[in-house]
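To start, the structure under review is shown below, and the notes come after it.
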């Protein structure tokens, strides 16, 4: 049942979203979430705090395997982007002199002896990661596996494109790394994984819809939303499907990775297919790279 929310509560919520969370959601976004039933949970609030504010434990480094796997993904993405670059052109009538063609000029008087270097393709992408912080993540080592997956993703993108990472439950999106956090010597996810623990329930529909509204404010060509969770949400699967459809129709590339034991992953596959249709996978952190690269190749190469 949808809970009625007063204008005063809505305005206060918008202020929290903008000022405390620095989420770039505006009043119109918050109204949209309310009016479409995405903030109708018990709390009717979306507080956002920066988990690492005031925390003095910087310097926690990711494990070597995380760095290695992240760099593998980064290199693969760079290769995909570079493959989209304009090729070098030879046989031109202006540009840089092509020394290999000088013989044609001397012998035959040919004037198409110049070349032009292709324009390198720069990544025009931003990535938003939302990680399930519900209580069920504390079982079967799932929280540690999810944080490892998140740390790999952070390592892959932090030197490449703008990146934001948050946790999510049914009432909060706590910030692990915001867009403006650009200290590449830190591993924000590794720091959070050491000192914070999951609690609450996971409302994937609210997480997807609010992230989509935020991403719609950004100007990058490719806007990527990566969801990491361990199972079914507390909201309906249809609500998740609607949120995914809305995000994709508005230019957001949504993908989902679910973490857990092999039998849990196998049992959830069809449920995730109903919610996401495509670009979802139950995967362990060591297999994450190949799947993520496959999904991003589909995005970049069209």
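Rounded, prolate or oblate for the range 153-215? Axes are the square roots of the Cα gyration tensor eigenvalues, ordered a ≥ b ≥ c, and the cut-off for rounded is a/c under 1.5. Taking the square roots of the gyration eigenvalues as a ≥ b ≥ c, the range 153-215 is oblate.
Residue ranges 216-224, 230-238 sort as 230-238, 216-224 when ordered by packing (mean number of other C-beta atoms within 10 Å per residue, highest first). Between residue 112 and residue 216, the simple spin-label model (points 7 angstrom out along Cα→Cβ) gives 5.0 nm. Label-to-label distance for residue 291 and residue 159 is 2.6 nm, based on points extended 7 Å past Cα in the beta-carbon direction.
The shape of the range 217-302 comes out oblate: with a ≥ b ≥ c from the C-alpha gyration tensor, a/c is at least 1.5 while a/b does not beat b/c.
The Cα center of the range 240-302 and the Cα center of the range 152-224 differ in position by 16 Å.
Could you give the length gained by full extension between residue 234 and residue 140, i.e. 0.36 nm per residue of separation minus their alpha carbon distance, to one decimal place? Please report the intermediate quantities before stating the final value.
Details: separation 94, 0.36 × 94 = 33.84 nm, distance 1.94 nm.
Full extension of this stretch gives 31.9 nm more.
With a ≥ b ≥ c the root eigenvalues of the C-alpha gyration tensor of the range 153-302, is it rounded (a/c under 1.5), prolate (a/b larger than b/c) or oblate? Because its axes are fairly even, with a/c under 1.5, the range 153-302 counts as rounded. The order of the peptides 166-173, 188-195 by mean Cβ neighbours within 10 Å, most packed first, is 166-173, 188-195.
Every read-out reported here was derived from the displayed coordinates using simple, explicitly stated rules and does not represent laboratory data. Please read these numbers as outputs of a predicted model, since none were measured by experiment. Cβ coordinates were reconstructed from backbone atoms using ideal geometry, including for glycine residues, and neighbour counts include every protein chain displayed.
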